[in-house]
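Below: one structure, written as structure tokens.
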Amino acid sequence: MTAANVVALAGGVGGAKLAYGLAQLLPPERLTIIVNTGDDFEHLGLHISPDMDTVMYTLANLANPATGWGLKDESWNVLAGVARYGGPTWFQLGDRDLATHLLRSQWLREGYPYNWVARELCRRLGVRHPILPMSEEPVRTVVETAREELPFQEYFVKLRCEPVVKAIRYDGADTAQPGREVIAAVRSADAIIFCPSNPLLSIAPILAMPSLRRIIAASRAPKIAVSPIVKGEALKGPAAKIMTELGMEVSPVGVARYLREVLSGFVLDHLDETHQDAITDLGLRALVTGTIMTSNEGRVTLAREVLDFAGVSA
Ligand code: FO1
């Protein structure tokens, strides 16, 4: 066991929970959280960055416990005002949450780098661990359905993930460069943790940047993914539905197979222990443990087990 630098790759609510656990165990100089920005979009003239905010609010102990996204103790007066004008209300922006989007949008318009903006928002909420956007450049997840191509949030929120998915693209990822701090963190990482985020919607956009994928693949650090699928279901969100539609096996094995090239180890839930041999047959070390995080203590317990499995002392 060594004191070490840890990188966590995270997307939405599941990813934020494990990131929270890791942040309770590791000081800010030893943990960097790299977040998917493929879900970002412009709405009502504002730059919305859902996964960044979900991780930031979770680490600040400000997340809405019912939804996992947005802020707790929220009010909805602005949204009601937008509704009175007949404006779009399918994407629910709370009054307090709007403050984040207003400032982020303003700072980006003034020319501040995205990662400076993220750091400033975090600092002002008392979050000391670095939460880095995966890139300064736009990468946008696009969902191809039988009928049309949908920007991610229209598919996810407006259409409640109902259309059948034929393919998913990450527009801009081919040419986007990961930020300098992202590259430095991954290069100096002694462990890379893939949080239990949707592999196709949250982890894939990060890996879709060829240079970052190469650096992660080349890293000799333990690279450990935690399954977001338990007993054939996603703990939250549409991962199981989309995996089925794309012909993937909806199990930890399906996730492990998808990420195989960039992993050295995989964590699956007790409820899936029958899949352990299939995971080791893929050439991965496997840890079977409780992965369902129902409390803050549960997040910390899982984070500690994952760090132990990666050979990193907390
Ligand atoms: N998800 C929803 O299902 N409905 C919403 O109205 C919604 C609003 C929203 C506002 C701000 C924010 O940061 C996130 C929000 N989300 C909403 C969550 C978000 O769109 C998705 O969970 C992620 O993009 C998937 O990880």
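Here is a yes/no grid of residues against (1) of a type in the set (Phe, Trp, Tyr); (2) within 16 Å of the ligand (Cβ to nearest atom); (3) assigned to a helix (DSSP H, G or I):
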| residue | (1), (2), (3) |
| --- | --- |
| Leu201 | no, yes, yes |
| Ser211 | no, no, yes |
| Ile216 | no, no, yes |
| Ile224 | no, no, no |
Legend entry - Total residues in the range 288-313, condition of a type outside the set (S, T, N, Q), in a loop (DSSP other than H, G, I, E, B) and buried (at least 17 other Cβ atoms within 10 Å of the Cβ): 2
Inset, instruction - Evaluate the following for Pro151: is it within 16 Å of the ligand (Cβ to nearest atom), more than 17 Å from the chain's Cα centre (by Cα) and on the phi < 0 side of the Ramachandran plot? - result: yes
Inset, instruction - Considering (1) surrounded by 19 or more Cβ atoms within 10 Å (Cβ to Cβ); (2) within 20 Å of Thr58 (Cβ to Cβ); (3) of a type outside the set (D, E, K, R), say which one Ile279 fails and leave the rest. - result: (2)
Inset, instruction - Looking for whichever is out of contact with any Lys or Arg (no Cβ under 6 Å at 6 or more places or on another chain), more than 16 Å from the ligand (Cβ to nearest atom), in contact (Cβ under 8 Å) with a residue 24 or more places away in the chain and among the small types (Gly, Ala, Ser) here; the options are Ala189, Ala184. Which one fits? - result: Ala189
Legend entry - Single unsatisfied condition, Thr244 versus (1) part of a loop (DSSP other than H, G, I, E, B); (2) open to solvent by 60 Å² or more (accessible area, probe 1.4 Å); (3) free of Cβ contacts under 8 Å to residues at least 24 places away in the same chain: (1)
Inset, instruction - For residues that are without any contact (Cβ under 8 Å) to a residue 24 or more places away in the chain and in contact with a Phe, Trp or Tyr (Cβ under 9 Å, 6 or more places away or on another chain), scanning just the range 115-139, find the one that is farthest from the ligand (Cβ to nearest atom). - result: Trp116
Legend entry - Subset of the range 7-36 [touching an Asp or Glu at 6+ places or on another chain (Cβ under 7 Å) and either open to solvent by 10 Å² or more (accessible area, probe 1.4 Å) or among the β-branched types (Val, Ile, Thr) (or both)]: Gly12, Val35
Legend entry - Val143 vs. criteria in contact with a helix residue (DSSP H, G or I) (Cβ under 7 Å, 6 or more places away or on another chain) and assigned to a loop (DSSP other than H, G, I, E, B): no
Legend entry - Lone unmet requirement of (1) of a type in the set (Val, Ile, Thr); (2) part of a helix (DSSP H, G or I); (3) more than 17 Å from the chain's Cα centre (by Cα); (4) near the ligand (Cβ under 10 Å from one of its atoms) for Val82: (4)
Legend entry - Residues within the range 129-148 that are under 18 Å from the mean Cα position of the chain (by Cα) and open to solvent by 70 Å² or more (accessible area, probe 1.4 Å), tallied: 4
Legend entry - Candidate set from the range 154-204 (those that are within 17 Å of the chain's Cα centre (by Cα) and polar (S, T, N, Q)); member that is most open to solvent (accessible area, probe 1.4 Å): Asn198
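The values are calculated or read from the model by the stated rules, or taken from the named source; none is laboratory data. Just so it is clear, the model here is predicted, and its values are computed rather than measured. All Cβ positions, glycine included, derive from the backbone under ideal geometry; neighbour counts span all protein chains shown. The protein model used for the area step is the full one, side chains on, heavy atoms only, and it has no ligands, DNA or RNA in it. Shrake-Rupley method; radii C 1.70, N 1.55, O 1.52, S 1.80 Å.
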